[in-house]
Amino acid sequence: MSNNVFVWIQQAGGKADSIGWEALGVGRTVANDLGGQLAAIVLGENVAGLAQEAIQYGADTVFVADDATLTNFRLEAYAAVITKLAQEQEPAALIMGASNAGLELSAYVAAKLGTGLAADCTEVAVEGDSLTIVRPALIGNVFAKVTFGDARPQVVTVRRRVFPVPEMDAGRSGEITNVGAALAEDDIATKIEGFESAAGEVSLTDANIIVSGGRGVAGPEGFEPIMALAETLGGAMGASRAAVDAGWIPYAHQVGQTGKTVQPDLYVACGISGAIQHLAGMKTSKLIVAVNKDPEAPIFKYAHYGIVGDLFKYVPALTEEFKKRLG
Amino acid sequence: MNIVVLVKQVPDTAQLSKTVDGLKLMEEGGPRIVNPWDEYAIEAALQLKEAHGGKVTAVSMGKPESAEALKTALAMGADQAILISDVAMKDGDSLTTARILAAAIKKIGDYDLVIGGRSAIDDNMAATAIQVAALLDVPQLSYVAELKGADPAAKTITVVRLRESGRETVSSKLPAVMTAVKELNEPRYPSFIGIRKAAKATIPTWGVADLGLEADQIGAAGAQAKWQDVSLPPVREAQVEMIEGEPEEAAKTLVDKLVAEKVI
Ligand SMILES: Cc1cc2nc3c(=O)[nH]c(=O)nc-3n(C[C@H](O)[C@H](O)[C@H](O)COP(=O)(O)OP(=O)(O)OC[C@H]3O[C@@H](n4cnc5c(N)ncnc54)[C@H](O)[C@@H]3O)c2cc1C
Ligand SMILES: Nc1ncnc2c1ncn2[C@@H]1O[C@H](COP(=O)(O)O)[C@@H](O)[C@H]1O
């Protein structure tokens, strides 16, 4: 067993998802505390450039599997490479971003290796030679502290946008090792038949700024001022379940327990009361602004700034003001 | 098509209120419900059975009261249910649970598909069903938002998976495991006849001995991830600052503050 830390760098089309760099930053700290090396794992096709990038973001070494069977994320194919690497190299920890792909990949690999898993962590620390993590449970209503048994690697996924992307250092150098794919195409039971990109649509989980509307927008056209403010700020548009269930806006926009969990720098809640299930998805946003005509609305207990008033008057005024300032 | 559905009983988070916080809810339990995502799993299993024939078996690991969750599955239309309950299974982690569920599925035998929920609202791991797939060594289809078609004779299934970057259509060999998201369907309400049937049903309970598991593979002894303590989320110190005034004036004040906070 080693003290080394492995981090999977999620990518699509040769471009890294920033959650991979966030995980790499966590890996850097953990590797330093354990006194080990930090290795990045890059899987895909034509991803050599990414390996170099991983070193610049802090990896000491990179394992690359560049193969046509790995072009798109497929659980079995990806998990087989990482499982094999972990068996050969015996890292102390394996860290990934808690994206959908990271959650399934980490779970599958941990089961194959028979090791402990902590998903969607918001704090990661080293105590002695083992990790201690904190993660939200009960949809954010409690926080659990989790420690690991003796099995290695300890497998951790980190929540998106909680940990900073490390600074890039173009001068860093490191060793790149090519490893092959672990499964041949014929041994992979799943085939990707098609992909409908969500590019240009809502990407709530990535957004720095989210402007959301609830029942208070009173109809599909009520989302127009919400949209205008979101666009002015270069942000995404969210919604409460009440608005989604009413059919005013598609489910993809729903924030909360049964929707998306988001953590933008700025969350503007308009005509949203602040039910516990909505809060579950957004209350860890860095700054929360609420516009609601009811001064008793629970959302004000979680907001940093509040405006009591009609959203149809205040939201357009905000849009105008931002337009002036942002030129 | 024979389908096993993984059903977990969880605290009802709708009970959370000013007086019932997360810790109280976890301790006291209160009214417990079928994990919301598992309802989509049950509905998907029933729809596949209606289209292709076969049998739906609902399986739950948990305290004896988890039988209630299984009764809901039976009332919705599942053919049979099995409760896995044993004190030796206490204080496990996602992998010990997956070991137990995988052993139960093997004992049930002759399955084409296992369906679970995206995640359980109590532990929020989004891992257990996926780990079941790894242990059974069958393909795993996560975040399924649409069933495109299944061919039990050819042993194939095609689904649409929800990824952050878009919707992916995937075909897979069967048997396989899949997990359901909300978009997959609208779970049916139990029928009156279903409820009566479920009330009368006896649900077999399996323990460690029935599954042939080693004591150090399950429960607290087998857990490699250990929940040390659970606490309430840190209370935010910041008090809300109310912005007063007419729209233009309030907008100016707020924008000034947000610019100063450097979020814009
Ligand atoms: C199992 C379960 C899961 C759930 N999951 C989710 C989830 O993922 N996400 C989610 O959001 N909810 C979820 N809910 C629903 C949640 O409990 C609430 O019902 C929902 O969030 C309420 O939405 P809302 O705030 O838009 O509506 P309401 O609670 O009706 O609030 C509307 C608010 O708008 C204000 N308002 C009205 N008109 C105006 C105006 N002109 N200007 C300014 N303010 C105005 C009102 O004062 C009020 O505060 C879930 C519930 C359950 C039981
Ligand atoms: N104790 C259990 N009994 C039956 N199914 C379970 C159990 N725990 C988890 N599952 C299944 O695994 C899914 C994911 O759970 P989790 O990994 O706990 O978030 C759930 O939606 C269930 O389908």
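The values are calculated or read from the model by the stated rules, or taken from the named source; none is laboratory data. Keep in mind that what you see is a predicted model, and the values were worked out from it rather than measured. Note: ideal-geometry Cβ built from the backbone for every residue, glycine included; neighbour counts use all protein chains shown. Heads up: the accessible areas ignore ligands, DNA and RNA and are worked out on the full protein's heavy atoms, side chains in. Shrake-Rupley method; radii C 1.70, N 1.55, O 1.52, S 1.80 Å.
Per residue, the range A:5-187 exposes 33 Å² of accessible surface when a 1.4 Å probe is rolled over the protein heavy atoms with every protein chain present. With a cut-off of 10 Å between beta carbons, the residues surrounding B:Asn185 carry a summed charge of -3, where Lys and Arg count +1 and Asp and Glu -1. Annotation: amide H-H contacts under 5 Å for A:Cys121 (H modelled 1.01 Å from N, sequence separation of 5 or more, or interchain): A:Thr157, A:Val158, A:Arg159. A 1.4 Å probe run over the protein chains yields, for chain B, 44 Å² of accessible area per residue, whole-number rounding. Applying the criteria of a DSSP loop state and at most 14 other Cβ atoms within 10 Å to the GluC sites (Glu not before Pro) of the range A:104-174 yields A:Glu167. Let me spell out the model: positive unit charges on the Cβ of Lys and Arg, negative unit charges on the Cβ of Asp and Glu, origin at the Cα centre of the range A:209-326. What dipole size does that give, in debye rounded to 20? Around 280 debye, computed over the range A:209-326.
Using the Cα centre as the reference, give the magnitude of the dipole from point charges on the C-beta atoms of chain B (Lys, Arg: +1; Asp, Glu: -1; all else neutral), rounded to the nearest 20 debye. Working shown, then result.
Values: 29 positive and 37 negative charges, 231 e Å.
Here the size comes out at about 1100 debye.
Electrostatic tally near A:Asp169: other residues with Cβ closer than 12 Å to its Cβ, Lys and Arg +1, Asp and Glu -1, net 0. In terms of Cα atoms, the Rg and Dmax of chain A work out to 21.6, 63 Å.
Note that the range B:164-181 has calculated 3J(HN,Hα) couplings of 4, 8, x, 10, 10, 8, 10, 10, 8, 6, 9, x, 8, 10, 9, 10, 9, 10 Hz, one per residue in order, obtained from phi through the Karplus relation 6.51 cos²θ - 1.76 cosθ + 1.60 (θ = phi - 60°); glycine and proline are x.
Here's the picture: charge each Lys and Arg Cβ at +1 and each Asp and Glu Cβ at -1 in the range A:209-326, and of A:Thr232, A:Ser285, A:Pro295 the one pushed furthest to the positive end of that dipole is A:Ser285. Adding -39500 (n - 2.57) for every DSSP H run of four residues or longer, then dividing by how many residues chain A holds, sets the calculated 222 nm ellipticity at -9000 deg cm²/dmol. Report the FRET efficiency, 1/(1 + (r/R0)^6), for A:Ala151 and B:Lys197, where r is their Cβ-Cβ distance and R0 is 45 Å, rounded to 0.05. Given R0 = 45 Å and the Cβ-Cβ separation, E is 0.55.
Its Cα gyration tensor gives the range A:1-125 an equivalent ellipsoid. The semi-axes, each the square root of 5 times an eigenvalue, are 19, 17, 14 Å from largest down.
Contact order normalised by length for chain A, with contacts defined as Cα pairs under 8 Å and 6 or more residues apart; what percent is it?
On the way: 728 pairs, mean separation 45.8, N = 327.
In percent, rounded to a whole number, it is 14.
Between the listed residues B:Ala225, B:His52, B:Thr156, the Cα displaced farthest toward the positive end of the dipole of the protein assembly as shown, a dipole computed from Cβ unit charges relative to the Cα centre, is found at B:His52.
Suppose every K and R has +1 on its Cβ and every D and E has -1 on its Cβ; what is the size of the dipole of the protein assembly as shown about the Cα centre, in Debye to the nearest 20? Display every interim value, and only then the final one.
Working: 53 positive and 74 negative charges, 234 e Å.
Computed charge dipole of the protein assembly as shown: roughly 1120 debye.
In chain B, the calculated helix contribution to ellipticity at 222 nm averages -10000 deg cm²/dmol per residue, counting -39,500 (n - 2.57) for every DSSP H run with n ≥ 4. What are the lysines whose alpha-carbon lies under 29 Å from the alpha-carbon of A:Lys313, with same-chain residues fewer than 8 places away excluded? Those lysines meeting the cut-off are A:Lys260, A:Lys283, A:Lys286, A:Lys293, A:Lys301, A:Lys323, A:Lys324, B:Lys252, B:Lys257, B:Lys262. Loop-resident trypsin sites (Lys or Arg not before Pro) (DSSP state other than H, G, I, E or B) in the range B:235-264 with no more than 14 further Cβ atoms inside 10 Å of their Cβ: B:Arg236, B:Lys262.
Where the alpha-carbon atoms of the range B:1-156 are placed on the principal axes, they occupy 54, 28, 25 Å, in descending order.
Can you check what the net charge comes to around A:Val126, using other residues whose Cβ is under 13 Å from the Cβ of A:Val126 (Lys, Arg +1; Asp, Glu -1)?
Working: positive: A:Arg28; negative: A:Asp33, A:Glu123, A:Glu127, A:Asp129.
Result for the local shell: -3.
Using +1 at the Cβ of each Lys and Arg and -1 at the Cβ of each Asp and Glu in chain B, identify which of B:Leu70, B:Leu174, B:Val34 lies farthest towards the dipole's positive end. Looking along the dipole axis, the top candidate is B:Leu174. The share of C-alpha pairs in the range B:105-198 whose separation exceeds 21 Å stands at 40 percent. Loop-resident GluC sites (Glu not before Pro) (DSSP state other than H, G, I, E or B) in the range B:177-264 with no more than 13 further Cβ atoms inside 10 Å of their Cβ: B:Glu214, B:Glu237, B:Glu244.
Computed over the range A:182-327, the range of Cα coordinates on each principal axis works out to 62, 37, 28 Å, biggest value leading. In the protein assembly as shown the Cα-Cα distances spread across 20 Å bins starting at 0 as 20, 53, 25, 1 percent of all pairs.
Rounded to the nearest 0.05, what FRET efficiency do B:Lys63 and A:Ala184 give with R0 = 45 Å and r taken as the Cβ-Cβ distance? Could you check? Could you put the intermediate results ahead of the total?
Working: r = 45 Å, r/R0 = 1.00.
Efficiency computed from Cβ-Cβ geometry: 0.50.
Quick check: Cα centre of the range B:160-195 to Cα centre of the range B:103-154, how many Å? Cα centres, the range B:160-195 to the range B:103-154: 10 Å.
3J(HN,Hα) along the range B:77-85, derived from phi through the Karplus expression 6.51 cos²θ - 1.76 cosθ + 1.60 where θ = phi - 60°, amounts to x, 5, 7, 8, 9, 9, 9, 10, 8 Hz, with x in place of Gly and Pro. According to the calculation over all Cα-Cα pairs in chain B, the P(r) per 10 Å bin from zero is 7, 27, 30, 19, 9, 7, 2, 0 %. The length gained by stretching the chain between B:Gln228 and B:Asp21 to full extension, at 0.36 nm per residue less their Cα-Cα distance, is 72.6 nm.
The convex hull of the Cα atoms of the range A:235-307, projected and averaged over all directions, covers 4.4 nm². Using a 1.4 angstrom probe on protein heavy atoms only, the contact between A and B buries about 6800 square angstrom of accessible area, both sides summed.
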